[in-house]
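Trainee: This is the structure I have questions about; it appears just below.
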Amino acid sequence: MNHNQPVYTDNDPQSELVTLNLGPTHPATHGVFQNVLQLDGERIVSGVSTIGYIHRAFEKIAEHRPFYQITPLTDRLNYCSSPINNMGWHMTVEKLLNITMPKRVDYLRVIIMELARISDHIICNTIIGQDTGATTTFLYLFQFREHIYEIYEEICGARLTTNIGRIGGFERDFNEIAFAKINKFLKEFPVALKEFENLLNRNRIFIDRTAGVACVTPEQALSYSWSGPLLRATGVDYDVRVSEPYSSYGDFDFEVPVGTSGDIYDRYLVRNEEMWQSVSLIQQAMDKLKHEPAGIFHADVPEFYLPAKEQVYNNMEALIYHFKIVMGEIDAPKAEVYHAVEGGNGELGFYLINDGGRTPYRLHFRRPSFINYQMFAHMSEGMLLSDAIINMSSMNIIAGELDA
Amino acid sequence: MAAITNQELITILGDKFGDKIVNVSEPYGLLTFETSKDVIISVLTFLKESRNTDFNFLTDITAVHYPEKKHGIAVVYHLHSMVKRVRVRIKVFIDEHHPHIPTATVLWNGANWMERETYDLFGVKFDGHPDLRRILNMDELGVHPMLKQYPLEDPNRVDKKDEYFGR
């Protein structure tokens with residue numbers, strides 16, 4: 001911040017400040033949220049963030065819905081990587097019910113979650129490119145998000161809000177086409193990612209715009225409860241996948257990339273490296289699947305896992321279980337559970353309190369975007385407006401996760 | 001840095017705060033205890049700054065409403081020690097008709113929006129908070145919607161009764 005600049009207050013008659021409403025629906029904010037900025041020329045003097053434009057009261061709705069009807073709500077948190085949210089929710093309930101998953105299901109989940117992480121990071125990094133003026137990179141890499149959506153579509157039939165998997169496993173096994181598409185993706189995506197990196201990593205304009213902009217120290221980041229790639233870019237090697245491995249992440253060999261200065265360039269590099277690690281994780285999972293018995297896609301928990309439809313029509317036992325699950329006749333333990341997964345933007349936590357009923361007594365989402373975003377207005381003070389815009393893109397704020 | 005077990009943590013806290021730490025349990029391995037609002041900030045400060053505990057990360061602040069209890073609102077803190085690789089959950093039960101509790105923004109900047117959200121949804125007033133305004137709902141709402149007395153749906157509707165959804 002340049003401290004020689006005069007700082008005006010609101011009521012100063014000599015004030016030359018301009019009030020700028022950035023948002024609620026501004027193309028540069030990539031979502032519905034508003035920042036009221038006081039500008040002195042092109043420099044931001046102060047800012048106030050207003051959020052809540054798409055608040056949908058998910059925590060209230062969740063108190064009135066059975067567990068399996070909450071999965072579609074989690075889709076709509078971070079809708080750029082909904083499978084991670086879905087899996088996080090399933091694992092929370094499985095933790096509550098003490099269900100142990102077969103290894104094959106864990107590996108299938110790892111594939112899905114890492115694909116979702118790649119699609120999340122593609123959005124963030126290509127948009128940093130877009131906002132610094134590099135439209136080409138956006139077009140090169142963004143088509144792979146489409147390929148990831150095609151893989152989702154093959155597995156669960158949906159693309160954006162996936163509702164993928166069930167409590168206790170998946171609703172159906174991955175078919176041959178899905179595996180073929182994953183293999184195709186594994187072959188083609190590294191080529192494109194390499195090309196993407198060639199275009200940006202050593203690009204003079206890109207580095208000038210991003211390096212040394214919006215630096216954050218590890219102390220600041222921890223004080224603001226940052227998590228995910230943003231925290232790792234400051235140099236703190238915290239990753240939920242490593243610190244508290246879930247879904248058999250402990251079986252995999254991968255690295256947690258960290259930055260040094262916490263600036264936008266470091267965040268970009270951390271996300272890029274995470275995409276490489278995700279590709280390696282998917283490859284490892286595909287290899288591990290070959291050693292697992294085929295055809296297992298859910299745990300053996302008939303009390304909680306909905307039976308297949310044709311079983312319901314033809315098999316008495318399946319019909320009974322179907323009825324009991326849908327009518328909520330099965331007791332869940334009275335307990336409190338906190339489960340965290342590494343979402344695209346950081347630690348995505350589910351705090352579930354169950355009082356023995358068929359719906360949660362209370363469900364709270366720890367949403368990384370919401371918590372990461374509160375530093376934005378404070379960070380922007382003294383920054384150029386155009387830098388604040390790329391700072392916002394590099395934080396990858398998703399409006400759905402911000403407001404819940 | 002060695003990890004610390006829940007048992008060691010209970011001992012450290014017991015030595016320091018004695019009978020202010022009550023109802024200690026470990027659901028699913030996560031150390032949970034209750035304390036009172038007059039010592040909550042000292043407990044949080046101790047956990048954050050003591051070299052033996054090192055809870056440097058505030059994971060979350062939220063609240064739960066229990067209308068049938070005498071102190072009907074539980075403010076719940078989740079802390080995480082990345083160094084000692086342990087999490088802890090702290091609950092403070094406060095009077096629902098006089099929901100005041102000191103703010104944790106003095107310790108973590110990140111507590112700011114978490115407390116605003118809790119105020120917005122539950123009406124918990126965090127004393128000393130620099131900017132305690134609603135955050136998700138509109139300023140004119142007038143109620144704190146996550147309290148259990150407010151129904152989800154219009155109570156006059158017959159097709160949206162809670163029993164159809166299991167409550």
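Derivation of every value follows stated rules applied to the coordinates shown; laboratory data play no part. Computed from a predicted structure; not experimentally measured. Virtual Cβ from ideal backbone geometry, glycine too; neighbours counted across all protein chains shown.
Trainee: Would you list A:E244, B:E49 from fewest to most Cβ contacts within 10 Å? Display every interim value, and only then the final one.
Mentor: Working: A:E244 18, B:E49 12.
By the 10 Å Cβ count, ascending: B:E49, A:E244.
Trainee: Still on this structure, I have one more. Work out, step by step, the length gained on full extension between B:I41 and B:R85: first 0.36 nm times the residue separation, then minus their alpha carbon distance; give nm to one decimal.
Mentor: 13.6 nm
Trainee: First measure r as the distance between the Cβ atoms of A:Y53 and A:D300, then evaluate 1/(1 + (r/R0)^6) with R0 = 45 Å and state the FRET efficiency to the nearest 0.05.
Mentor: 0.50
Trainee: Taking a quarter of the surface of the Cα convex hull of chain B, what do you get in nm²? Before the final figure, lay out the partial values.
Mentor: Values: hull surface 45.9 nm².
Approximately 11.5 nm², given one-decimal rounding.
Trainee: Where in the stretch A:279-387 are there trypsin sites (Lys or Arg not before Pro) that are in a DSSP coil and have at most 13 other Cβ atoms within 10 angstrom of their Cβ?
Mentor: When the trypsin sites (Lys or Arg not before Pro) of the stretch A:279-387 are filtered for loop state and at most 13 Cβ neighbours within 10 Å, A:K290, A:K334 remain.
Trainee: Taking each residue of B:56-66 in turn, how many C-beta atoms of other protein chains fall within 10 Å of its C-beta, and what is the average?
Mentor: For this peptide, the per-residue mean of nearby foreign Cβ atoms is 6.
Trainee: Would you mind checking the tilt of helix B:6-17 against the longest principal axis of the Cα atoms of chain B, expressed as 0 to 90 degrees and rounded to 10?
Mentor: 90 degrees
Trainee: For labels at A:R172 and B:T5 in the simple 7 Å Cα→Cβ model, what's the distance in nm?
Mentor: 4.9 nm
Trainee: Shifting gears a bit: Taking A:K184 as the anchor, which lysines have their alpha carbon closer than 27 Å to its alpha carbon, excluding any fewer than eight residues away along the same chain?
Mentor: Counting by Cα, and skipping residues close in sequence, A:K184 has these lysines nearby: A:K103, A:K194, A:K288, A:K290.
Trainee: Find the all-direction average of the projected area of the Cα convex hull for the protein assembly as shown, expressing the result in square nanometres with one decimal place. Walk me through the numbers on the way to the answer.
Mentor: Working: hull surface 112.1 nm².
Over all viewing directions, the protein assembly as shown projects a mean Cα-hull area of 28.0 nm².
Trainee: Can you give me the angle between helix A:82-97 and the longest principal axis of chain A, using Cα atoms only, in degrees from 0 to 90, rounded to the nearest 10?
Mentor: 50 degrees
Trainee: For A:R159 and A:D251, compute 0.36 nm times the residue count separating them, minus their Cα-Cα distance, and round to one decimal in nm.
Mentor: On the way: separation 92, 0.36 × 92 = 33.12 nm, distance 2.87 nm.
Taking A:R159 through A:D251 to full extension adds about 30.3 nm, to one decimal.
Trainee: Give the Kirkwood hydrodynamic radius (Å, one decimal) of the stretch A:212-364, defined as one over the mean of 1/r across all pairs of different Cα atoms.
Mentor: One over the average 1/r among Cα pairs gives 18.9 Å for the stretch A:212-364.
Trainee: If you don't mind, another one. Report the semi-axes of the equivalent ellipsoid for the stretch B:6-104 in whole Å, largest first, where each axis is √(5λ) for an eigenvalue λ of the Cα gyration tensor. Working shown, then result.
Mentor: Details: eigenvalues 101, 36, 35 Å².
After scaling each eigenvalue by five and taking roots: 22, 13, 13 Å.
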